[in-house]
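The values are calculated or read from the model by the stated rules, or taken from the named source; none is laboratory data. Because the structure is a prediction, the values reported are computed rather than measured. Cβ atoms come from the backbone with ideal geometry, glycine included; neighbour counts cover every protein chain shown.
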């Protein structure tokens, strides 16, 4: 009897040990799977931009007549270790002009000129008398275009060779809304000697066009101008920008599109000019889903093929930035308009207009941002035929 009990105890002990061992193995496998899952989720999870606690980084200046009402939608670039902004400014007269500010750390813009550095001319943003359809002043209820009724809107800037090229929207009081181009020598810009080259229209008369961007380097020896993102990517290649002499224009797409059922069911167009990375051209863009909001400018990101940027390699499955803070909803709710982006140190810094009223910024570790964007979702290729 004693032997039987002893044997039973031994057998029970072995059974318990085997059960505990099984539980231990299961726990190890579960923990390993959880870690792998968390790692993979971290890879696939879009990396949102983190707003700077100092936001907004630029606000209207009541003492300056030309930027007393709103400053927003800036171009951004890095030169001589500083971040430079060329931003859209509106005063009480309702005309959009371009202002300038710079920063040594990308956050605190300690240098800001008290005068506009680019002024629109009649026929290039100063409306002709017959196109003045409302009060000649800053008026947020009448003019959806930032509260202004004319001028030079939403600049983007790239440096190619020894010149800075600025694309912008010339708004002639609803007589036209056309894409225009000008340039300035890099040495003149850094000396604050604002010798802008002759203005050229890129888009033809009779079309409403916005959000065109130049690539910051030539592709296959030619200037590349991205002029549409939906329903597919459209890029025009030209040998010489002087070709736009008033008789030649880019026939931009007037179609709209997006990804049905996604946050960008409606795509509004490009944000900042593309940034070159080893994984492709990083392009920010704007969109929204009318099923969940009436309008707005949310920001997404995509990577375009380096040699053929009409191919979309990767795209963020969710917005990387959308209006949540007071300075993004103060006047025009739901607007984060990311027209400027730079790589500064290890960071990607995106400068954007919040609510068509102020300039704000958000950042992320650049390499981590690109890595997560690559793993966000499978590649999607889109080839434009006939461009």
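Can we say residue 149 is within 18 Å of residue 170 (Cα to Cα) and assigned by TED's automatic domain parsing to the domain that holds residue 364?
For residue 149, the condition - within 18 Å of residue 170 (Cα to Cα) and assigned by TED's automatic domain parsing to the domain that holds residue 364 - is met.
Would it be correct to say that residue 85 is assigned to a loop (DSSP other than H, G, I, E, B), in contact with a strand residue (DSSP E or B) (Cβ under 7 Å, 6 or more places away or on another chain) and either modelled with pLDDT under 95 or in the same structural domain as residue 319 (by TED's automatic domain parsing) (or both)?
No; evaluated as a whole, the condition is false for this residue.
Evaluate the following for residue 143: is it surrounded by 17 or more Cβ atoms within 10 Å (Cβ to Cβ) and more than 24 Å from the chain's Cα centre (by Cα)?
It is false that residue 143 is surrounded by 17 or more Cβ atoms within 10 Å (Cβ to Cβ) and more than 24 Å from the chain's Cα centre (by Cα).
Just one of the numbered conditions (1) under 30 Å from residue 124 (Cβ atoms); (2) modelled with pLDDT of 95 or more is not true of residue 276; which one?
Here residue 276 clears every test but (1).
Mind checking which strands (runs of 3 or more DSSP E) fall wholly inside segment 232-319 and carry at least 1 residues that are in contact with a strand residue (DSSP E or B) (Cβ under 9 Å, 6 or more places away or on another chain) and farther than 18 Å from residue 209 by Cα?
So the answer is 234-238, 275-277, 280-288, 298-304, 312-315.
Looking at the structure I just gave you, is residue 71 touching a helix residue (DSSP H, G or I) at 6+ places or on another chain (Cβ under 8 Å) and at pLDDT 95 or above?
No.
Given the options 206, 173, name the one that is surrounded by 22 or more Cβ atoms within 10 Å (Cβ to Cβ), assigned by TED's automatic domain parsing to the domain that holds residue 117 and outside any strand (DSSP E or B).
Result of the check over 206, 173: 173.
Scan segment 333-355 and give yes if some residue there is surrounded by fewer than 16 Cβ atoms within 10 Å (Cβ to Cβ), modelled with pLDDT under 95 and over 16 Å from the mean Cα position of the chain (by Cα), otherwise no.
Scanning segment 333-355 turns up at least one residue that is surrounded by fewer than 16 Cβ atoms within 10 Å (Cβ to Cβ), modelled with pLDDT under 95 and over 16 Å from the mean Cα position of the chain (by Cα).
Only one of 238, 299 is assigned by TED's automatic domain parsing to the domain that holds residue 363 and free of Cβ contacts under 8 Å to residues at least 24 places away in the same chain. Can you tell me which?
Going through 238, 299 in turn, just one is assigned by TED's automatic domain parsing to the domain that holds residue 363 and free of Cβ contacts under 8 Å to residues at least 24 places away in the same chain: 238.
Please go through (1) on the phi < 0 side of the Ramachandran plot; (2) free of Cβ contacts under 8 Å to residues at least 60 places away in the same chain; (3) buried (at least 19 other Cβ atoms within 10 Å of the Cβ) for residue 367 and return the number of the only condition it doesn't satisfy.
Every condition holds for residue 367 apart from (3).
From 279, 323, which residue is surrounded by 18 or more Cβ atoms within 10 Å (Cβ to Cβ) and within 20 Å of the chain's Cα centre (by Cα)?
Sole residue among the options that is surrounded by 18 or more Cβ atoms within 10 Å (Cβ to Cβ) and within 20 Å of the chain's Cα centre (by Cα): 323.
Just to verify a result, which residue in segment 107-127, among those that are touching a strand residue (DSSP E or B) at 6+ places or on another chain (Cβ under 7 Å) and under 17 Å from residue 190 (Cα atoms), is surrounded by the fewest Cβ atoms within 10 Å (Cβ to Cβ)?
It comes out as 110.
Quickly run through segment 235-258 and pick out the residues that are modelled with pLDDT of 95 or more and surrounded by 15 or more Cβ atoms within 10 Å (Cβ to Cβ).
Once the filter is applied, which keeps residues that are modelled with pLDDT of 95 or more and surrounded by 15 or more Cβ atoms within 10 Å (Cβ to Cβ), segment 235-258 yields 235, 236, 238, 241, 244, 249, 250.
Can you find a residue that is farther than 22 Å from residue 269 by Cβ, at pLDDT 90 or above, in contact with a helix residue (DSSP H, G or I) (Cβ under 7 Å, 6 or more places away or on another chain) and in the same structural domain as residue 240 (by TED's automatic domain parsing) anywhere in segment 186-193?
For segment 186-193, residues farther than 22 Å from residue 269 by Cβ, at pLDDT 90 or above, in contact with a helix residue (DSSP H, G or I) (Cβ under 7 Å, 6 or more places away or on another chain) and in the same structural domain as residue 240 (by TED's automatic domain parsing): absent.
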